[in-house]
Amino acid sequence: QVQLVESGGGLVQAGDSLRLSCAASGRIFSSSLMGWFRQAPGKEREFVAATRFGGYTYYADSVKGRFTISRDNAKNTVYLQMNSLKPEDTAVYYCAVGLRGGSAYAANEYNYWGQGTQVTVSS
């Protein structure tokens, strides 16, 4: 069983930065896909960023150039550095782990999910 615990969310102003962390416990391999999704009120959950073994990273077009995903395999932790935040980035951010090695962009390729952390960006 895998458990994921996110932290780092909060209320910030437009243009500010935040760093989210997701600590994983359980049977996580360095080859696991680790990603971030978000869900704004009244909207569907959407892909934000992901990383897999070999240093491969994937980003949604809406966050490219502003967000950076990274991982520390020794700590089983994945980070999401969010810069130049915009009000439209406001959402609950979820960490997820995928063990099957499928598409980084598809939520159904992820096996485990965290409880989420709220990010609110005021204008």
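The values are calculated or read from the model by the stated rules, or taken from the named source; none is laboratory data. In this text the structure is predicted, and so the values were computed from the model without any measurement. No Cβ is skipped: glycine too gets one built from the backbone with ideal geometry, and neighbour counts run over all protein chains shown. Calculation scope for accessible area: heavy atoms of the full protein, side chains included, ligands and nucleic acids excluded. Shrake-Rupley method; radii C 1.70, N 1.55, O 1.52, S 1.80 Å.
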Q.
With the requirement that a residue be more than 11 Å from the chain's Cα centre (by Cα) and hydrophobic (A, V, I, L, M, F, W, C), what does segment 61-88 give you?
A. Val63, Ala74, Leu85
Q: Scan segment 24-43 residue by residue and report those that are open to solvent by 50 Å² or more (accessible area, probe 1.4 Å) and assigned to a strand (DSSP E or B).
A: Ser25, Gln39
(Q) Give all pairs with beta carbons closer than 7 Å in which a residue from segment 88-113 that is under 15 Å from Val48 (Cβ atoms) meets a residue that is of a type in the set (Asp, Glu); count only pairs at least 6 apart in sequence or on separate chains. (A) Tyr93/Glu6; Cys95/Glu6; Gly98/Glu109; Ser103/Glu109
**Q.** segment 102-123 - residue that is touching a Phe, Trp or Tyr at 6+ places or on another chain (Cβ under 6 Å) and open to solvent by 50 Å² or more (accessible area, probe 1.4 Å) and, of those, farthest from Tyr58 (Cα to Cα)
**A.** Trp113
Q: Give the residues of segment 8-23 that are assigned to a strand (DSSP E or B) and either among the charged types (D, E, K, R) or open to solvent by 60 Å² or more (accessible area, probe 1.4 Å) (or both), sorted by residue number.
A: Leu11, Gln13, Arg19
Q: All but one of (1) modelled with pLDDT of 95 or more; (2) open to solvent by 40 Å² or more (accessible area, probe 1.4 Å); (3) more than 14 Å from Thr51 (Cβ to Cβ) hold for Gln81, so report the exception by its number.
A: (3)
Q | Of all residues making up segment 87-101, the number that are at pLDDT below 95 and open to solvent by less than 20 Å² (accessible area, probe 1.4 Å) | A | 2
Q | Cβ pairs under 6 Å, 6+ apart, first in segment 21-46 and over 20 Å from Val121 (Cα atoms), second exposed (fewer than 11 other Cβ atoms within 10 Å of the Cβ) and not acidic (Asp, Glu) | A | Gly26/Gln1
Q) Looking at segment 102-123, which of the residues that are of a type in the set (Gly, Ala, Ser) and part of a loop (DSSP other than H, G, I, E, B) is modelled with the lowest pLDDT? A) Gly102
(Q) Kindly evaluate Ala74 against the criterion of being under 20 Å from Leu4 (Cβ atoms) and in contact with a Pro (Cβ under 9 Å, 6 or more places away or on another chain). (A) no
Q: Would you please name the residue that is farthest from Asn108 (Cα to Cα), looking only at residues in segment 44-67 that are part of a loop (DSSP other than H, G, I, E, B) and small (Gly, Ala, Ser)?
A: Gly65
